[in-house]
Each structure stands twice: as C-alpha cells, then as structure tokens.
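Reading through the structure tokens given below for one structure.
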Amino acid sequence: MEQFVLPDAVGPQQAFAAANEILARSGAPQAYRLGLYAARAGATISSSGPAMWTEGLPETVPSRRGTVFLIGGLAPVPGGAARLETSKLQAWLRRHAPRFERRASIGQAAAVLAHQAGSSDRPPGCRWIVVDNTEATTTALAMIERDMGSAMALAIARQLAAAFGLEAVLAQGIARTQAPTDARLDRLHQWMGKRLSESITVQSMATYLAMTPRTFARFYRRATGTTPARDVVRMRLEKACWLLATEWSTLKAVAHACGFSSEEVMRRTFIRHLHVSPKAYRQRLRQTPSDRKAHEEPPAREP
C-alpha cells in the first residue's frame, strides 16, 4: 500500500531470499518464489520517501500453499487516488486471500483493509495475523522456522543482524532461541513483546501463566537458563536497537516505547550490554562503510 513502512517490505523479502540463497549453496531447490505487488504496477512510495518497484496484482495465486504479506503504513492514506487503489486491493483480497495458506497484515492501514476485505462472507479458517509496523521481519523468520527449522531461521537472523549492526544484541538471544521451549513460553514472550512500553514484573508474568511468582521464577530459569528480569531487559534492548536502526524518533521517544523509565536508564543499559551509547549506536548505523573505515583505521604516516 502507498506510504508503507520501508523495512516492512525489505526485511521479509530479504529473509525469504536469504533462505533461497542458503539452499542454493547446498544444491537444494529454492523454497520460495517472491513477488512484490501493488494495485498498480510501477513505483510505490514508502512513508520515508524511497520507492520500491512493484508489479500489478497477479491474476492467479497458489492453491493453499502461498503466503501473503499485506504491507501498509501507520495510517490510511487520504485522497481519491488512494481510495481507488484501496478498493482494487480490497476486491483482490476478497477474491484471492482465502486461497493463501498464511496471511499477515503489517501495520494499521493494512489491518483495516484486511478486516474490511474479509468482514463479509468470510470463509472458515480465513484469518489474518495482525502484525505491528517494524515487526514484519520477525514474522517472516517465524514462518521460515516453521517451514525449515530453527537452524535455518537462526542463520538468516545472523545475516540480517550483521546487515544492521545488531550482532551483539542477537548474540544475547541465541541461547534462548536455541533452547527448547514449550507453548507457555511462546505465549508469554509474545505477551511480553506487546507490552514492553509498560511495567512488566515477575508478578505480572507469573499471573499470566497462572503460577505463583516463586514457581514461575524457577520454571523460567529452568526453561531458558536466565531470569525473567534479564529477558525483559534483553527484549527492550533489542527493540531499542531496531527502532534506532529503522526510525528517526528521538532518544526519549525510543526509551519510552521500549519501557525504559528514562533516556538515561536506556543509555546506561546500552553502555552496560553493548559498550556504546544509543546516540553513538545510531550514528554508527548512519555512517557509510568508507566513513567507518576512516574512523577505525588511523591515517598512514607520511615518510
């Protein structure tokens, strides 16, 4: 959709493409055939300005095998042209969405359109995963993990982390990602991820899983190898790194969105775990490779 959030299109596309690249290196056939479509072929403008080239909506779709990501912006786009494109998308979704095995709406505008497209005569099982903006890549990785296992998803996550300079943050989560978990932890981590801007205590987590705080703390430590409080900090740090890499919000706004009590608390957390301040972290991401090399390598001395 017009005014889509750029990482929501680039991230999943790169994740699925990376899976194909890894398979190709081992001589295996590709698992995904990718396409980027819009109501009209040509350049579709993102909310930050850059455009992506899209094809027109396909006339035919896979039969119960495909995945569709409906990628929208933070809010519906006003204007007559936007309404016309929205009506085209809505008609296409009404006709074709039930044929996809997996459906995810990314962002508020997409969630509204997906709901409108399926609000009448909804076929049984035609449900949409509703995903917030900036979380599309995580959703794609979860799908890849279900398709090809955690080793493949983790390899792709490492590639994406390296591209965004998030290796240190990813390293903290690898142990938990690889550790066996049960459905209760999966539900809990999803619940935590949606409430990072709020106060998350051991008591609230224990209540969510219908446990006493003491029983919950033992259960969590045994299942993950760490404490609930440390995982809350890790999740807040991961979200802060992602926001610093993909958005232009102020440091104060990032701290609030991630649940840090103040910008200073976020700064101390970054220093303690990543050995760099949030401001320096963001500046490093905005440098070009040549800029980084100039900062990292001292100039050669003249004879």
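Here are a few things to note about the model shown:
- A search for C-beta distances below 8 Å between a residue of segment 35-47 that is among the β-branched types (Val, Ile, Thr) and any residue that is assigned to a strand (DSSP E or B) and surrounded by 15 or more Cβ atoms within 10 Å (Cβ to Cβ), counting only pairs 6+ apart in sequence or on different chains, returns THR44/PHE4; THR44/ALA38; THR44/MET52; THR44/THR54.
- Scanning segment 28-66 for residues that are under 14 Å from ALA9 (Cα atoms), of a type in the set (A, V, I, L, M) and out of contact with any strand residue (DSSP E or B) (no Cβ under 9 Å at 6 or more places or on another chain) yields one hit, LEU34.
- Test: residue in segment 70-86 that is buried (at least 18 other Cβ atoms within 10 Å of the Cβ), at pLDDT 90 or above and in contact with a strand residue (DSSP E or B) (Cβ under 7 Å, 6 or more places away or on another chain): yes
- Residues that are surrounded by 11 or more Cβ atoms within 10 Å (Cβ to Cβ) and farther than 22 Å from ASP147 by Cβ, drawn from segment 47-69: SER47, SER48, ALA51, MET52, THR54, GLU55, GLY56, LEU57
- Extreme residue, farthest from the chain's Cα centre (by Cα), among residues of segment 106-149 that are of a type in the set (S, T, N, Q) and at pLDDT 75 or above: GLN116
- If only residues of segment 20-56 that are over 22 Å from PHE100 (Cβ atoms) and part of a loop (DSSP other than H, G, I, E, B) are counted, the one that is modelled with the lowest pLDDT is SER26.
- Subset of segment 183-200 that is of a type outside the set (Gly, Ala, Ser) and loosely packed, with under 13 Cβ neighbours inside 10 Å - its residue that is nearest to ARG146 (Cα to Cα): ASP186
- Test: residue in segment 219-228 that is within 19 Å of ARG195 (Cα to Cα), exposed (fewer than 15 other Cβ atoms within 10 Å of the Cβ) and among the hydroxyl-bearing types (Ser, Thr, Tyr): yes
The values are calculated or read from the model by the stated rules, or taken from the named source; none is laboratory data. In this text the structure is predicted, and so the values were computed from the model without any measurement. A quick note on method: Cβ atoms are made from the backbone with ideal geometry, for glycine too, and the neighbour counts reach across all protein chains shown.
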